[in-house]
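S.K.: Please see the structure below; I have some questions.
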């Protein structure tokens, strides 16, 4: 057991405000930040507590424009149209959809998997 009187100080001491649960935070509207209740962009780790964080993988839109949509349940809810060849930061890839963003500040949403090169 470590004796607090004889334990060495950590090599990289943390600042007082580096970590800590400070109460509820305002949750952004869906489609803005790359943030879901289960997964978030790694750049948001210091601002939001979720179950998992992901480092994005860059994917590129294929030969046709692709719609970035807010939810897979409401395909009519288009956030943006991504131009052919556009880079997209993929955070969750399935057989049908890719969830991700244009950057850590958003926007975020789903693109059909078949839209990528």
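The values are calculated or read from the model by the stated rules, or taken from the named source; none is laboratory data. Values in this document were obtained by computation on a predicted structure and should not be read as measured data. Neighbour counts are summed over all protein chains in view; Cβ atoms, including those assigned to glycine, are modelled from backbone coordinates with ideal geometry.
S.K.: Only one of (1) over 10 Å from the mean Cα position of the chain (by Cα); (2) farther than 9 Å from residue 109 by Cα; (3) at pLDDT 95 or above fails for residue 35. Which number is that?
M.R.: Against the list (1) over 10 Å from the mean Cα position of the chain (by Cα); (2) farther than 9 Å from residue 109 by Cα; (3) at pLDDT 95 or above, residue 35 comes up short only on (1).
S.K.: Please determine whether any residue of the stretch 49-57 is surrounded by 15 or more Cβ atoms within 10 Å (Cβ to Cβ), touching a residue at least 24 places away in the same chain (Cβ under 8 Å), on the phi > 0 side of the Ramachandran plot and outside any strand (DSSP E or B).
M.R.: no
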